[in-house]
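Input: a single structure, listed below in structure tokens.
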Amino acid sequence: MNRILIVEPSKCTGCRLCEVVCSVKKNGAVNPTRARIAIIKWESICLETPMLCQQCESAPCVAVCPVKALARDSELERVSIDYDLCIGCKFCVAACPFGAMGIDPVARKVIKCDLCDGEPTCVKFCETKALQYVDASIANITKMRKAAEELSELIKKTVAKPQHTQS
């Protein structure tokens, strides 16, 4: 059964618990800069939303990796990193259109969401259900697309507003 991680920005309160539990799960310490998920804050529109790897089917990060350290894991429908092959060139970080690839500032290695091997910890602790790990049915893909469109429209409206300046 294919599953996908859905983000509903309108449900996110910006509590950042997902960052905390991710950093503890992956590194054994509370350090959100080492999390595989990040809460992005747009103050101009009063919005905070989780940003993480979309596990793209045609992943740009996989395409640019010169040593094939990134590959698609068809069993869990995710993009995985083979750290034995990774040379730390960071091409994948630059290629990700979602800004979901990061650098662990302590370990100095590329990091990304790996869906916690099919049991995303962030989902378990998200009280508002802004993060959901669900069957990859047409209904859920449509729901994910609708949430992305709503976020895009909200950002466009905010960017289009004229900024008042004092003379």
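Every number here is computed from the coordinates shown, using simple stated rules; none is lab data. The structure presented is a predicted model; accordingly, all values stated were derived computationally and were not measured. Note that each Cβ is placed from the backbone with ideal geometry, even for glycine, and that neighbours are counted across all protein chains shown.
Output the relative contact order of region 53-112, whole-number percent, from Cα pairs under 8 angstrom with separation of 6+ residues. Intermediate results must be reported in sequence, preceding the final value.
Details: 81 pairs, mean separation 18.8, N = 60.
For region 53-112, the relative contact order is 31 percent.
For a Förster distance of 25 Å, can you work out the FRET efficiency between the beta-carbons of A107 and C46, rounded to the nearest 0.05?
Details: r = 34 Å, r/R0 = 1.37.
With R0 = 25 Å, the Cβ-Cβ based efficiency is 0.15.
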message = Given Cβ point charges of +1 (Lys, Arg) and -1 (Asp, Glu) and nothing else, what value in debye, to the nearest 20, does the dipole of region 14-167 about its Cα centre take?
response = 440
request  = Using amide H atoms built 1.01 Å from N in the peptide plane, name the residues 5+ places from D73, or on other chains, whose amide H lies under 5 Å from its own.
outcome  = R78, V79, S80
C89 versus A63: modelled label distance in nm, points set 7 Å from Cα along the beta carbon direction = 1.6
ask   = Under the rule that a partner needs its Cβ under 4.7 Å from the first Cβ, which Cys of the chain have none?
value = C12, C15, C22, C46, C56, C65, C86, C89, C96, C116, C126
task = Based on the mean of other Cβ atoms within 10 Å per residue, sort peptides 26-33, 128-135 so the most packed one is first.
result = 128-135, 26-33
